[in-house]
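What follows is a short report on a single structure.
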Amino acid sequence: LRPGNILVTPEGHIKIADFWVGGAIASSQTLSANAIMRSIHYMAPEVAEGKTPAQASDIYSVGIILFELLVGVVPFDGDTPIAIGLQHARAPIPSVRSLNPGVPRNLESSVAKALQKAPESRYRSAKAMLNDLKSAREGLRTSKSGPPDQQAAIPDISEASVLSETEPALLAALRRTLLAIVLIVAVVSALLIGYVWMRPGEITVPDMLGKTLTEAQQVANANHFQIAVKSEQFNDDYSEGTVYYMNPAGGRSIKAGKVVDVWISKGSRYATVPNCLRLTTENARERIAAAGLNVGEISQEYSSAIAAGSISKQVPSAGKKTERGQPVNLVISLGPDPTVEIPADSAGSAQSGPAQSFDVKFTVPKGRDPQPVRIIVLDDNGENVVYSELLHPGDKVNQTVQGTGKEITIRVYIADKLVREEHSR
């Protein structure tokens, strides 16, 4: 607010143009030096420092205008905007009465209160300032008559003539000035009230990190702001489909209706290779896809240990970490090689030691999270890994395994350490 924004109509009505000019100046990066120079004389210290203008900032500007109305000059001046801004922030407030002794003390006090450096030390509202100015105006109306018991001095004839001619004119001029001041403050007060009443409310942005997009949208609707998805990226710290970054961050203040940008996690960029051994090709494909990996090359070979049609080998092996989208190569068993002759004693051994099933049950103990768990079967077909998964402490395992022959050994490894071994004869 500055004198150039205050318009007086021929009927004596006062209008404010370019209201909230301080906010525009504080936020603009392209104002000319002349525009800044015209406004800096009336700019509150906090606005000059780049802070958001408030009602107290306009009260300060009104105080500067009143000072200039009463004494004819602005209180703070200089050659550059920086020099003037420093005076606003640091220089003491000049005395109005030292420049114009005719100004009433209560009016000088009102100007000084409006020009306090700290916003909280100024008038709480334009209405409060208006009330003080109205009181000062009423005081001028009764200033011509002193207390009834006061004995007036009798001046000589020449002095009385001068006083009688000049006093009414001075009082009338002061009353007109004060009336203009009161009208200006009244208009500013009304505009400030309207601005506060109509401006969009400010809200504090809730923290939405870790929430799904649906949950974040519900939070936005409840708090009267909008969200926009800026990007979806892999993130090792946040689950797939959740917010891992937001701008502005949670706890910041924004105006209602504004947009908060969010970034959505696609999950970890790394996946754990699942165990596909002894699965059908269809089941292996489903398990690989669920892990975020792709099925790579598929080949076939004979295997006396794995039934025909089941997965006998995989690369990488189960439990390995690899980037999402990488291939897992599979080998499908064709069953025993028909060209291999089975010795008579071996056939007898197989007959005397048919396939047996065993239920392996245990709970993963405390330790690092997650832990590789393997079950190995040693039988007439050699050593085979029949179970391999990454499990968390407390997970329960209930796995049925098979072995062939008279002597079958079942070993359980957790974190590559043998924790259990059983033998069957």
Region 202-265: antiparallel bridges as % of DSSP beta bridges, rounded to 5, reads 55
Per DSSP, the loop-located GluC sites (Glu not before Pro) within region 38-111 having at most 14 other beta carbons within 10 Å are Glu49
Surpassing 23 Å at the alpha-carbon level, of the pairs Lys51/Lys255; Lys230/Lys266; Lys313/Lys361; Lys51/Lys211, are Lys313/Lys361; Lys51/Lys211
A correct fewest-to-most ranking of Asp395, Asp337 by other Cβ atoms within 10 Å would be Asp337, Asp395
The answer for Gln326, listing residues at least 5 apart or on another chain whose modeled amide H is closer than 5 Å to its amide H, is Asn294
The equivalent-ellipsoid semi-axes of region 353-425, taken as the square roots of five times the Cα gyration tensor eigenvalues and listed largest first in whole Å, are 24, 11, 9
Heads up, region 46-92 by the C-alpha gyration tensor (a ≥ b ≥ c square roots of eigenvalues; a/c under 1.5 rounded, else a/b over b/c prolate, else oblate) looks oblate
In region 270-340 the DSSP beta bridges are antiparallel at a rate, in percent to nearest 5, of 55
Here the Cα Rg-to-2.2 N^0.38 Å ratio for region 270-340 is 1.11
Once normalised by the length of region 270-340, the mean sequence separation of its alpha carbon contacts under 8 Å that are 6 or more apart gives a contact order in percent of 43
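Throughout, read-outs are computed from the coordinates displayed, never taken from laboratory work. This is a predicted model, so every value here is computed, not measured. Positions of Cβ are generated from backbone atoms using ideal geometry, with glycine treated the same way; all protein chains shown enter the neighbour counts.
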